[in-house]
1. What residues qualify as long-range amide H neighbours of ALA21, i.e. H under 5 Å apart, gap of 5 or more or another chain, H built at 1.01 Å from N?
2. Rank-order 19-25, 74-80 by packing density, defined as the average count of other C-beta atoms within 10 Å over each peptide's residues, highest first.
3. Using R₀ = 30 Å, calculate the FRET efficiency as 1/(1 + (r/R₀)^6) where r is the Cβ-Cβ separation of LYS170 and THR31; round to 0.05.
4. Would you calculate the separation in nanometres between label points at PHE100 and GLN83, each defined as 7 Å from the Cα along the Cα-to-beta-carbon direction?
5. Stretch PHE93-ILE133 to full length: gain in nm at 0.36 nm per residue minus the Cα-Cα span?
Amino acid sequence: MSADILPTHAGPVRLIFDPTAGTARLRDSATIVLPLPTKSTRDRQGGNRLRFHPLMSGRQFLARISDDCRCHHYNVFGGCDEQIAFLTGVTDFAYAAFAFGDERRFYEALCPPTIKAVAARHPGTRVIRQGDIWAAALPYDWEELGKDLSLFHKRTRQRMNEMRRADSWKEASSMKIFSTRHSLTGRTFLYARIKSSSSTGC
């Protein structure tokens with residue numbers, strides 16, 4: 001997309017394209033700042049170092065940002081989800097799914113392998129996504145989850161016997177998830193650490 005026609009908003013989220021910005025970042029819950037090369041930089045390199053692709057009718061976006069020498073690049077996925085700004089890195093695999101496929105394939109490529117494995121193991125599993133966070137509704141409780149050890153890190157598998165101790169459980173009330181505004185309520189196992197293999201990580 002030409003720098004002359006870059007959007008000012010992604011849904012209600014304000015987009016600022018700043019020539020002085022060193023990296024893409026969230027300014028606040030309603031503003032995203034993205035680097036924008038100056039005209040001299042574009043002329044010197046023979047092209048724009050920002051590739052911007054609107055998604056979901058402009059409410060979200062995918063961007064590839066290269067450094068001045070075009071030797072290195074990184075990809076970001078961001079925009080608006082439930083009226084709140086989000087911004088996260090995505091892999092080259094996810095970017096290629098859009099560049100050589102389409103918007104649907106990009107979103108499919110974001111799904112972490114662990115979530116796909118759960119859905120394949122338990123057909124009919126409800127999988128949900130919000131921004132760069134994925135979740136799958138498992139068909140059993142924490143005690144039964146201990147039998148499905150392949151979903152856990154090795155250290156957590158070694159601690160599964162701790163599930164039998166009453167002091168290994170904690171009642172959660174509006175516990176924040178990943179420093180977002182989302183929260184959990186219910187019983188949580190203190191030593192549980194689910195495998196993280198997200199394709200949205202930088």
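A short reminder: the numbers here are calculations on the coordinates, not readings from a lab. This structure is a prediction, so every number in the text was calculated from the model and none was measured. Cβ sites come from the backbone with ideal geometry, for glycine too, and all protein chains shown count toward neighbours.
1. Excluding prolines and chain starts, which carry no amide H, the hits are LEU36.
2. Details: 19-25: 12.9, 74-80: 22.0.
Sorting 19-25, 74-80 by mean packing, highest first, produces 74-80, 19-25.
3. Working: r = 36 Å, r/R0 = 1.18.
With a Förster radius of 30 Å, E is 0.25.
4. Simple spin-label model gives 4.1 nm for this pair.
5. Working: separation 40, 0.36 × 40 = 14.40 nm, distance 1.77 nm.
Result: 12.6 nm gained on full extension.
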